[in-house]
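A short reminder: the numbers here are calculations on the coordinates, not readings from a lab. Computed from a prediction, not measured in an experiment: that's the story for all the values here. Counting neighbours? That spans all protein chains shown, and the Cβs are built from the backbone with ideal geometry, glycine included.
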Amino acid sequence: MERLENDKVEFARQWRNPSLRRLAFILSLLLVLFVVLALLYSHLSAERLKKDWLDREAALLGSLAEEHHELAEKWLSLLTASGSASPETAEQGLEWLERYGMSAKTDERWIPALGEYRSRTNWTLLLGGVCFVALAAALLYRENVRQSRTLRHLAIAMEGAVKRNEPIASRIYEEGDLGLLANGAQELSQRLKETIEQLHRDKAFLKETVADISHQLKTPLASLMIYTDLLQDGKLDEAHAAEFIGRCRRELDRMEWLILTLLKLARLEANALELNVKTAPLADTVRQAVQSVKRLAEDKGVRIAVGDSDASLAIPHDAHWLGEALSNLLKNAVEHSPAGRDVVVEWEQTHTFTHLRVKDQGPGIDPRHLPHIFKKFYRTSGEGSGVGLGLPLARSIVEKHGGVLSATSGAPGGTVFHVTLPLHPFPSKTANLTEL
């Protein structure tokens, strides 16, 4: 199927239209028919004129033979003679004709053969012209009806696609502008159908997300209400009051983290953020991520170790956002690792990718949960303090870098998160990123 890049009308492109080819065929057929009929009429008319002339001459010759047989023979010999008369003889003959009123100005009514010929020719040409025009009009009307019927079916199909989200059943597989129009309408219908389906999915997802958010906020809000009611009673001693205030602070921190994480996810998924991609050492970004979860690791008795990797490796990335993605992976690994175990971060570089791994020594992830762990609010167990947003956020950040985030079960146990980043990403633009 050709594509139109400009509005220039070229004969080669127009000739691809089947309607134009059919029209050219119809006109050519009519032209051939006209020529054939004209030649046939010319032949028949000449034969008729010849017959009328011979009949007229035969009648005159017969009348002359009845009275002057010798003059009839001489006239016949002159009619059949191969040579032409001399100019003087022809001039003398014209003078004799003029004496009896026969000249070029003589009315054709006095010459029956000529009058019949002219009358017959005029009527034949008139009827032939009318029939020719009628036939051409009928063929052109038929071609126009055919195109109109096709366009009407296409218009009805597009109306069904727009108003009732129905697929276009009228398919036109042919060359030319009509084929392009039908193909464009089919693509438009398909995209419209996909867009509407995506809107329904987004609506359902938004409904589920709002329900999950309300559920996640309901617990800390209920706790805050209980703690504030107890504090307002004034019946608590100083130690319990301080403990409840600390719990209120933790619940508020949890709510703040939840809201900020949701905002980050929304902005990333809506492409409202542009990464500030610069070539920087990967080890510095990993070090910042480790530092952000160091306190949590110490509280759980888990050690975070950086494997034997190339500390001088520099790759193009946004240090802030990639560091946040690694922080979420490390936080998840620490929360699911028993006390006294290690969480290891290591990386390596190939000719086209940088491969970073975060390995823990926890119980691992059940294989049935692996396809779902990067969904919002999805949790495999009640362990940890997360609400199921850290891994989706990490995946969105890695994909924003043009990379891939995946998870597998470790060989001796635990879980391994794989971050694969291309050495030459193609971000849309490089712009400074404001932290949320």
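Quick notes on this one:
- Size of charge dipole - the stretch 176-268 - debye, nearest 20, with Cβ of Lys, Arg +1 and Asp, Glu -1, no other charges: 160
- Counting DSSP beta bridges with both ends in the stretch 236-379, the antiparallel % (nearest 5): 70
- Counting neighbouring beta carbons within 10 Å and listing from fewest to most, the residues MET255, MET225 come out as MET225, MET255.
- Each peptide in 348-360, 211-223 gets a packing score, the mean of other Cβ atoms within 10 Å over its residues, and the list from highest to lowest is 348-360, 211-223.
- When the square roots of the Cα gyration tensor eigenvalues are ordered a ≥ b ≥ c, the ratio a/c for the stretch 176-268 is 1.5 or more and a/b exceeds b/c, which makes its shape prolate.
- FRET efficiency, 1/(1 + (r/R0)^6) with R0 35 Å, evaluated for LEU29 and LEU60 via beta carbons: 0.15
- Under 28 Å from LYS300, Cα to Cα: lysines that are on another chain or at least 8 residues apart: LYS218, LYS264, LYS331, LYS359, LYS375, LYS376
- Label-point separation in nm, GLU159 to GLU298, each point 7 Å along Cα→Cβ: 7.5
- Exposure proxy order (Cβ contacts within 10 Å, fewest to most) of TRP123, TRP75: TRP123, TRP75
- Neighbour counts of C-beta atoms inside 10 Å place LEU39, LEU33, LEU405, LEU329 in the sequence LEU39, LEU33, LEU405, LEU329, starting with the fewest.
- With each label modelled as a point 7 angstrom along the Cα→C-beta vector, the GLU67-ARG267 pair spans 12.6 nm.
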